[in-house]
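Colleague: Below you will find the structure I want to go over with you.
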Amino acid sequence: MSEVRRDHSMFDAELSGAILNLQLFVRILKWLKPYRVTLAVSACLILISSTCVVTMEIVISRVLVDYIVSGVTESNMPDLGMIELTQWIHEQTGLDLVLSAGLLFAVLMILFGLTAHFHRLTLVSSIVRALRDLRQDLFAHMETRPSSFYDKVAVGRIMTRITNDVEALYEMLRGMGSLIGEFVPFLVALTIMFSTSVKMTLILLLLVPIVGITTYFFRRASREVFRLVRNSVSALNQNLQENLSGIQVVQLSERQQRNLDVYTQINKNNRRYEFRSINLSTFYGAFNDSLASIGLGLIIWYGGGSAIQDEMTLGGVILFTRFMNMLFTPVVMLGEQLNVLFRAMASGERIFQALDWDEQIHEPVEPANLPDRIAGKLEFRHVNFEYDRGAPILKDVSFTLEPGKKMAIVGPTGSGKSTMIRLLGRFYDFDRGMIFLDDVDLNDIHSSDLRRRIGVVLQDFHIFSGSVIDNIILGNPGITRERAIEAARTVNADSFIERLPQGYDTPLVERGANLSQGQRQLLAFARVLAADPEILILDEATASIDTETELLIQDGLRKLLEGRTSILIAHRLQTIQEADQVLVLHHGVVREFGTHEELLALKGIYYTLHEFQFQDVSLDDDGNPITEESEES
Amino acid sequence: MAQLKIVVTATRPLNSLYKLLPFVKPYQWQIYGAFSTFFVARFFEVNTLYLVSYGLDTIKLQLEGESTPYSLAQIALAIVGTVTGRFVFVVHARRAVRRAGMSVSFDLRQKLYDSVQQQGSDFFSRMGVGDIMTRAIQDIALIQRLVAFGSVQMVIIFYAPFFALSYMLSKSVSLTLLITPLFPILFFYGKWISSRMAIASREVQERLSGLSSHVQENLGGIRTVQAMAQEQNEIGRFWETNDAYGRAFYRQARIESLMHAWMPFFASAAQLVIVTYGGYQVMQGEMTVGDLLFFLFAINMLLQPIRMAGTFVTLIQRASVGMGRLSEIFDAEPEIVDAPSGAAPATVRGEFELRHLTFSYPGIQTPALDDINLHIRAGESIGIVGRVGAGKSTLLKQFTRMCDTNRGQLFLDGHDVCDYPLAQLRSQVAQVLQDPFMFGEPLKNNISYDDPERGLDSVWDAADSAALRGTIEEFPAQMDTVVGERGVTLSGGQKQRATLARGLIRNAPVLILDDCFSSVDTETEEHILARLKSMRSDKTTILVSHRVSTLRHCDRILVLEEGRIAELGSHEELLRANGIYAALERIQTQGADPRQGLEDLEVSPA
């Protein structure tokens, strides 16, 4: 085992995400790159639309108020050629000056609306497509991680990465897009304002840090409150959910009043924190609204004064009042975007950690060419295996299984039975020269080729959403509907399927919840039989099923095993008795090997397990059962 | 989910809103108070604009060298005054309505919790845990939003046009009349686009949850996927879900962007009218420049409510639907009526009599229990066996009235079970359920769940009796080990033994065990049964099991078939009778020819 040991707890750890990670942006660029043309168009459009919105204000203040109404021809305020344009329209159309200005205003307005709309469309479309691609890559990457990965990492953790974390990146990119959409007009307006009156602009800019500082303090104060609110909300939901799941126990124990009291306390806590957060956010929100209006007061007072001293025109004063909002909106928005940004940082880190997780099964460079149909001889040659260094699971396991023979593996809990199965399916990497299929080293066979030839029925047979027939065919183009139905009939699944409302086309809900345990098991048999693998591996389910279904399953299993080399982790006496050989595994060592009768006669571990009806029991080193009794004595 | 959607579209949208009234009533004065404070705030707001335009006129007059009644500094100070006034009132009003919204949702949560605790199995079979959780989280949030933000929107919808229009009319009637035709257009456009928006965002929500469940289902079965070499197929399948979500998202963004583009467009159209027509009036001296600017500012005050009207209507509709869904929980009558007659004794001995006990679940023709007659002596142990669906669990539910037991059919110590107070009945008839449920709390709280004040000694005693001591001693935190979803995961057998301890600790006159040994190995089970026998020699025990090795310990065994008693007697008697029980015994102990057993089992139902 040369492979690097991995610390899977890394995958579960809360990543900091607090620091600005520029590398993250660089990496996201890779997915944005295919849409760079669209993004460039989007950037051009925002420039045009910002210029339009600023120019519209100039038409009002410089052209209408100053030039037309007040008759001012000379002014500090740039007119961006609007006066000439108005004159031109006036001369071309014969309309008077006010109407010409109005027409110009209308044209700018339409141009603004169109460019802003297409700016947003191009921006969203490129972000959505880029993140769709990222999500697809992430999913494909996760889909091909090996079992050793899924053993250690909870599925929920991966799920959040594919759903929530990608969403958080969208929020961030979209937020950055709209921030740019606010800052470009901000800068254009600022340029105009500076050239109109430097002093006035500087005075107004003094208000900007105030917004920044209040935003900073509000974020700091609210972070703790928001955390308390979040925690109390999840405590509320958790309590309710648990109480509902255990409602029968609650009612049988007459705990209703006591539980309501506990819930009331949590509910009160939640209300207290919510009240606190309401106090903070109403104050902050109203404060930000007010600053822009205070700015208006400043403009009238100072701007008015300088207008009278001939430093500014009336139109200039009006222009400033119109630009007030453009000055504050981006700063307030920036404050709001910071939270999104930090969240997205953490999300991005999680996503790229997942994408960088390169754990995988080693595939052969030149895979062996197996014939279409193999005989199915299996050999374990001194197999040693450990998941974690120093904790061997299998020790020197050797056996040969001739084509078409059946072998049952029995052993107490933790003896290494499941590991043997996992090695055979190449779900884990192991050294060369240990396991052979028709005398070919398993390491020389590509895992996808191998898995076509080895049918595995796991204990938790998974049912996919889709119809019954879909679940048997599983997208394999080589299986016809007839063949699938034939397989279901052979393993006794036919009778219950026919009774379903739409027969083979009945949709199965999530994880086959509308089927019983026994029915799901039969369906799993049908699925494997339809695929017709040369070798069959079965981890028999232990769940208690009523005797009648049990007999159907036994019979289905017998047909499934017919003529196939099979390895069975057996829990039922019936299954074991019908096997050609029985291998008794204990602490990873083959302790007994032979037929049912031979092993019973040995009066060893097999005999003890037989006494325990092959339930999952624990045995001590000598093969004696560990129960509460023997622990005490 | 499909059913819920039908409900949403089928019921009239505002029907359920009146049910919200009793919840809002305690806070009505708080809300009325906020409405008047909002009114004052709006007054200040419109005056700020008025003062700004007045200031501009003053500047113009001073530029023309005329004297003005107020200096610019005075006007600026007045602006600061109105802004401060608005700030104070707005903070107060917003805070009041948002606190009211929070308080309403607090009360709704209390009511919901109290209501669901009183419901029985029929209710929970109609409404799953997930469904109730969705109502508790989403529907309550909708109502909170209606009270907290809906009222603010309503205020804006009524107050803003009132103030804006009255000031505009006072400044120029003709200009005001010129721009008013735009508003109905805007209103209908707003309504239309927000309904399209609602459809689009619903689609996005559905696609997103589709995406989540796709990923969850796929990763949940990743071993099967890989074992069947289905990875490439699955990646392709995921592309469809993924791309569909992306496209739905883009569609929503397009409608949103269109809304953002059109609203300012209409606003600008109004501005265009103001600029040209107002420009003329200013030129002719009928209006001042300040008035013109006031119109330009006030137009936003007028547009705001129209922009909001669409979302406001949606908010009311959704909150109403949410209230309707909550009422389904609030209005559900508890299935089990607790009406003790007072005649029942305070302590029971544990003698049961079943007289023609018949029980049917609502909506199902064939009775689950059909004419059962049985006398259980105090101190007797009864084993029950039968196939899935034979009525075992239903029968057990009758003893603790977890089903609405019919009057006159089940008697405990000679009194109808319906005459006992529910709390007494359930404390003296202890039942251990088939599903071993653990609360996310320390083990000791789980075991002494019915009475957390019990001493630790009795908890350990119960753990002993359930053969759980050894397991608990292996945990570092011992009895304080937190179990359940967020704690230590117990194996199936450990959970069963812990729930068994929960039942045993009560030392009740009657103990009912519903298939509690299925995951416990046979030797431990023998050990527990022996302990039970000595502990409960004088008390009644009723247990359900599939295993003959368990049942044989009981004084009498009852075989249920399709809700009727098929066989009744001691282990030996039933073996001699050579019926269903005897067949079961043969299959389980000898592992003999299964064909033989199957035929035997199929003979009896008839």
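The values are calculated or read from the model by the stated rules, or taken from the named source; none is laboratory data. The structure displayed is predicted, hence computed values, not measured ones. All Cβ positions, even for glycine, are placed from backbone atoms using ideal geometry, and neighbour counts span all protein chains on display.
Colleague: Please go through the range A:92-111 and pick out each residue that is at the interface with another protein chain (Cβ under 8 Å from one of its Cβ atoms), within 15 Å of B:Ser268 (Cα to Cα) and buried (at least 20 other Cβ atoms within 10 Å of the Cβ).
Modeller: Listed by number, the residues that qualify are A:Ala101, A:Gly102, A:Phe105, A:Met109.
Colleague: Using the structure shown, decide if A:Gly376 is in a helix (DSSP H, G or I), over 30 Å from A:Glu167 (Cβ atoms) and touching a residue at least 12 places away in the same chain (Cβ under 8 Å).
Modeller: No; evaluated as a whole, the condition is false for this residue.
Colleague: Is it the case that some residue within the range B:282-293 is more than 13 Å from chain A (Cβ to nearest Cβ) and of a type in the set (A, V, I, L, M, F, W, C)?
Modeller: no
Residues are listed down the side, and each one gets a yes or a no for (1) at the interface with chain A (Cβ under 8 Å from one of its Cβ atoms); (2) at pLDDT below 85; (3) surrounded by fewer than 21 Cβ atoms within 10 Å (Cβ to Cβ):
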| residue | (1), (2), (3) |
| --- | --- |
| B:Lys25 | no, no, yes |
| B:Phe38 | no, no, no |
| B:Ser53 | no, no, no |
| B:Leu63 | yes, yes, yes |
| B:Ser67 | no, yes, yes |
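Colleague: I'd like the full set of residues that are assigned to a helix (DSSP H, G or I), facing another protein chain (nearest Cβ under 10 Å) and either closer than 28 Å to A:Ala286 by Cα or touching an Asp or Glu at 6+ places or on another chain (Cβ under 9 Å) (or both), limited to the range B:113-139.
Modeller: Of everything in the range B:113-139, those that are assigned to a helix (DSSP H, G or I), facing another protein chain (nearest Cβ under 10 Å) and either closer than 28 Å to A:Ala286 by Cα or touching an Asp or Glu at 6+ places or on another chain (Cβ under 9 Å) (or both) turn out to be B:Ser121, B:Phe123.
Colleague: In the set A:Leu600, A:Leu619, A:Leu609, which member is within 14 Å of chain B (Cβ to nearest Cβ), in contact with a His (Cβ under 9 Å, 6 or more places away or on another chain) and modelled with pLDDT under 75?
Modeller: Exactly one of A:Leu600, A:Leu619, A:Leu609 is within 14 Å of chain B (Cβ to nearest Cβ), in contact with a His (Cβ under 9 Å, 6 or more places away or on another chain) and modelled with pLDDT under 75, namely A:Leu619.
Colleague: Something else: When you go through (1) outside any loop (DSSP other than H, G, I, E, B); (2) at the interface with another protein chain (Cβ under 10 Å from one of its Cβ atoms); (3) over 19 Å from B:Pro509 (Cβ atoms) one by one for B:Pro452, which number turns out not to apply?
Modeller: Result: B:Pro452 fails condition (1) only.
Colleague: What are the residues in the range B:227-243 that are more than 7 Å from chain A (Cβ to nearest Cβ) and crowded, with 16+ Cβ neighbours inside 10 Å, if any?
Modeller: Selection gives B:Arg237, B:Thr241.
Colleague: Taking the stated definitions as given, is B:Val90 over 14 Å from the mean Cα position of the chain (by Cα), within 30 Å of B:Ala332 (Cβ to Cβ), aliphatic (A, V, I, L, M) and buried (at least 16 other Cβ atoms within 10 Å of the Cβ)?
Modeller: So B:Val90 does not fit the description; no.
Colleague: For A:Ala408, only one of the following conditions fails: (1) under 29 Å from the mean Cα position of the chain (by Cα); (2) modelled with pLDDT of 80 or more; (3) not in a helix (DSSP H, G or I). What is its number?
Modeller: (1)
Colleague: On to the next question. For the range B:184-205, indicate whether the set of residues that are over 23 Å from the mean Cα position of the chain (by Cα), in contact (Cβ under 8 Å) with a residue 60 or more places away in the chain and not in a helix (DSSP H, G or I) is non-empty.
Modeller: So far as the range B:184-205 goes, no, none of its residues is over 23 Å from the mean Cα position of the chain (by Cα), in contact (Cβ under 8 Å) with a residue 60 or more places away in the chain and not in a helix (DSSP H, G or I).
Colleague: Give me the pairs: first residue in the range A:526-539 and in the same structural domain as A:Arg422 (by TED's automatic domain parsing), second residue part of a helix (DSSP H, G or I) and of a type in the set (S, T, N, Q), beta-carbon distance under 7 Å, and six or more apart or on different chains, which are they?
Modeller: Matching pairs, first to second residue: A:Arg527/A:Asn471; A:Leu529/A:Thr490; A:Asp539/A:Ser418.
Colleague: Can you name the residue in the range A:221-253 that is in contact (Cβ under 8 Å) with a residue 24 or more places away in the chain and within 12 Å of chain B (Cβ to nearest Cβ) and, of all such residues, is nearest to B:Phe437 (Cα to Cα)?
Modeller: Filtering the range A:221-253 for residues that are in contact (Cβ under 8 Å) with a residue 24 or more places away in the chain and within 12 Å of chain B (Cβ to nearest Cβ), the one nearest to B:Phe437 (Cα to Cα) comes out as A:Asn239.
Colleague: OK, next. Within 24 Å of B:Phe38 (Cβ to Cβ), of a type in the set (A, V, I, L, M) and surrounded by fewer than 21 Cβ atoms within 10 Å (Cβ to Cβ) - does that describe any residue in the range B:124-141?
Modeller: Yes: one or more hits.
Colleague: Search the range B:296-311 for residues that are assigned by TED's automatic domain parsing to the domain that holds B:Ser53 and within 14 Å of B:Leu182 (Cα to Cα) and pair each with any residue that is at pLDDT 75 or above and not in a helix (DSSP H, G or I) when their beta-carbon atoms are under 9 Å apart and the residues are at least 6 apart or on different chains.
Modeller: Close Cβ pairs satisfying both conditions: none exist.
Colleague: Oh, and also: Going through B:Arg377, B:Arg318, B:Arg407, B:Arg401 one at a time, which residue ends up being in the same structural domain as B:Ile137 (by TED's automatic domain parsing) and either at pLDDT below 85 or farther than 30 Å from B:Ser201 by Cα (or both)? Break it down stepwise before answering.
Modeller: Numbers: B:Arg377 fails: in the same structural domain as B:Ile137 (by TED's automatic domain parsing); B:Arg407 fails: in the same structural domain as B:Ile137 (by TED's automatic domain parsing); B:Arg401 fails: in the same structural domain as B:Ile137 (by TED's automatic domain parsing).
Result of the check over B:Arg377, B:Arg318, B:Arg407, B:Arg401: B:Arg318.
Colleague: A further question follows. Among (1) outside any loop (DSSP other than H, G, I, E, B); (2) surrounded by 18 or more Cβ atoms within 10 Å (Cβ to Cβ), where does A:Ser448 come up short?
Modeller: (2)
Colleague: Report, by residue number, each residue of the range A:430-459 that is within 14 Å of chain B (Cβ to nearest Cβ) and either farther than 21 Å from A:Arg145 by Cα or charged (D, E, K, R) (or both).
Modeller: A:Asp449, A:Arg451, A:Arg452, A:Arg453
Colleague: Looking only at the range B:344-359, decide whether some residue is under 30 Å from B:Lys539 (Cβ atoms), hydroxyl-bearing (Ser, Thr, Tyr) and outside any helix (DSSP H, G or I). Give the steps one after another, and end with the answer.
Modeller: In the first step, residues of the range B:344-359 are kept if they are under 30 Å from B:Lys539 (Cβ atoms); the result is B:344-359.
With the extra rule that they be hydroxyl-bearing (Ser, Thr, Tyr), the set shrinks to B:347, B:358.
Going one step further and asking which of them are outside any helix (DSSP H, G or I), we end up with B:347, B:358.
Checked the range B:344-359: at least one residue is under 30 Å from B:Lys539 (Cβ atoms), hydroxyl-bearing (Ser, Thr, Tyr) and outside any helix (DSSP H, G or I).
Colleague: Look at A:Ile472 and say whether it is surrounded by 15 or more Cβ atoms within 10 Å (Cβ to Cβ), assigned by TED's automatic domain parsing to the domain that holds A:Gln519 and at pLDDT 80 or above.
Modeller: yes
Colleague: Inside the range A:144-202, counting only helices (runs of 4 or more DSSP H) that do not spill past its ends, which hold 3 or more residues that are within 18 Å of the chain's Cα centre (by Cα) and buried (at least 21 other Cβ atoms within 10 Å of the Cβ)?
Modeller: Answer list for the range A:144-202: A:166-196.
Colleague: Another question about this same structure. Please find, among A:Thr264, A:Thr321, the residue that is free of Cβ contacts under 8 Å to residues at least 12 places away in the same chain and either outside the structural domain of A:Ser70 (by TED's automatic domain parsing) or farther than 30 Å from A:Ser234 by Cα (or both).
Modeller: Being free of Cβ contacts under 8 Å to residues at least 12 places away in the same chain and either outside the structural domain of A:Ser70 (by TED's automatic domain parsing) or farther than 30 Å from A:Ser234 by Cα (or both) holds for just one of A:Thr264, A:Thr321, which is A:Thr264.
Colleague: Can we say A:Thr400 is hydroxyl-bearing (Ser, Thr, Tyr) and either crowded, with 16+ Cβ neighbours inside 10 Å or closer than 27 Å to A:Ile192 by Cα (or both)?
Modeller: In short, no.
Colleague: Now a separate question. Out of the residues in the range A:265-276 that are facing chain B (nearest Cβ under 7 Å) and of a type outside the set (Asp, Glu), state the one that is surrounded by the most Cβ atoms within 10 Å (Cβ to Cβ). Even if it seems obvious, please write down each step before you answer.
Modeller: Here is the first cut: in the range A:265-276, the residues facing chain B (nearest Cβ under 7 Å) are A:267, A:271, A:274-275.
Narrowing further to those that are of a type outside the set (Asp, Glu): A:267, A:271, A:275.
Details: A:Asn267: 22, A:Arg271: 18, A:Phe275: 17.
The qualifying residue surrounded by the most Cβ atoms within 10 Å (Cβ to Cβ) is A:Asn267.
Colleague: Ok, one more. From the set of residues in the range A:277-330 that are at the interface with another protein chain (Cβ under 7 Å from one of its Cβ atoms) and β-branched (Val, Ile, Thr), which is surrounded by the most Cβ atoms within 10 Å (Cβ to Cβ)?
Modeller: By that ranking, first place goes to A:Val317.
Colleague: Restricting attention to the range A:219-257, which residues are assigned to a helix (DSSP H, G or I) and charged (D, E, K, R)?
Modeller: A:Arg219, A:Arg220, A:Arg223, A:Glu224, A:Arg227, A:Arg230, A:Glu242
Colleague: Return yes or no: is B:Ile79 within 27 Å of the chain's Cα centre (by Cα) and assigned to a helix (DSSP H, G or I)?
Modeller: no
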